[in-house]
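The values are calculated or read from the model by the stated rules, or taken from the named source; none is laboratory data. Given the structure is predicted, the values throughout are model-derived calculations rather than measurements. Cβ: placed from backbone, ideal geometry, glycine included. Neighbour counts: every protein chain shown.
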C-alpha cells in the first residue's frame, strides 16, 4: 500500500500535493474597498431608515395623545368660565388627565416648550413671553365682517403650559367665554366657539421641534358637547389658482387614500394655528360639510367666519388633511 501511494505521487496516475496549491482570501485593499462601500451605503440609507422609524413613533404618539384628550375633555362638563389658561389647566384638565408639571404664562418654557418652532413651510417661528393670542392669531381677539354687520371682540388669552405623565409638553390658550354649537344655518364667526387651543411637542424640547413631526396642534370647540380636533395638515394648498368644491375634493383623492378634505372643526383649528401652518390669510377654504346638493360650508381665513357657499364658487381653495 505504501508503495502504491509513492507511485501515485510520483506520477503513476495521481497528482502530487505541493506547496503551490491556491489559497482563498481577501487582500487588505479589497477589505478596505468593501468597508468604504458599506460606509457609503449606510450613510445614504440610515438617515432615511431613522426618519421612517421616527415618523412611525410620532404617528403612534400623536394618535395616543389625541385619544386621551378626546376621552378626557367630555368629563370636564361645561368648558367656559375658568378665568385664564393656567386656571383651566389646574382646575379642569388636571382632574381628568395625568399632569406632572404646570407652568404659568411667564415660565412656559420650564415645561419643555421650545423657544421656537419650525413651521410646516420650513421657516422658524419664535415668540416672546408671555405668549399672547393677539400675537399668535390676532383674528381671535378682534374682528368685524362688514357685509353682514358681524363683529367679534374676544379676550386676549395668555398661554400657559403643562407636561403630561406620558412626556408630552403642551402649550395652551384658553378662552373662558367660549360658546356652544347652536347649529347655525347662516354665516357666523368661529372664534367664539373655540374653548382651548394647544400646541403640543411629543418629546419636549429634544427636537426637531418641527410641525408635522414632533410638533402638532389640537383644538377644543364648544363649551358643551365639546369636540376635540387635531388635524395633521398637508403642506400646501390645492393649487396656486382657485378651484371649485369638486376640484378640491379631487385634489385630495389624487394625493392618496390617506388624505381627505377637512371637516369644519378641523378648518377652525387650522385657522387659529395659521402662524405654524402657513395656509394663507387671504382666502376661504372648503370643508367636507355639505349644506345641500349645491352648497357646502367653508371657512374664511380673512375674518374667521363660517359660510354656506355655492359649490361652483372658484374663489374658495382646498387644503387636505391626513386621515
**Request:** Just need a number here: residues in segment 115-143 that are surrounded by fewer than 18 Cβ atoms within 10 Å (Cβ to Cβ), closer than 16 Å to residue 200 by Cα and out of contact with any helix residue (DSSP H, G or I) (no Cβ under 8 Å at 6 or more places or on another chain).
**Result:** 2
**Prompt:** Going through segment 144-169 one residue at a time, which ones are under 12 Å from residue 303 (Cα atoms) and surrounded by 19 or more Cβ atoms within 10 Å (Cβ to Cβ)?
**Reply:** 152
**Request:** Given the conditions (1) under 19 Å from residue 65 (Cβ atoms); (2) not assigned by TED's automatic domain parsing to the domain that holds residue 54, report the number of the one that residue 251 does not fulfil.
**Result:** (1)
**Message:** Residue under question is residue 75, and the condition is that it be within 26 Å of residue 208 (Cβ to Cβ) and either loosely packed, with under 13 Cβ neighbours inside 10 Å or under 24 Å from the mean Cα position of the chain (by Cα) (or both); does it hold?
**Reply:** no
**Request:** Look at residue 296 and say whether it is modelled with pLDDT of 95 or more, outside the structural domain of residue 219 (by TED's automatic domain parsing) and within 13 Å of residue 217 (Cα to Cα).
**Result:** no
**Message:** Out of everything in segment 271-290 that is over 17 Å from the mean Cα position of the chain (by Cα) and closer than 18 Å to residue 260 by Cα, what residue ends up being surrounded by the fewest Cβ atoms within 10 Å (Cβ to Cβ)?
**Reply:** 290
**Flag if residue 75 is touching a helix residue (DSSP H, G or I) at 6+ places or on another chain (Cβ under 9 Å) and part of a loop (DSSP other than H, G, I, E, B)** = no
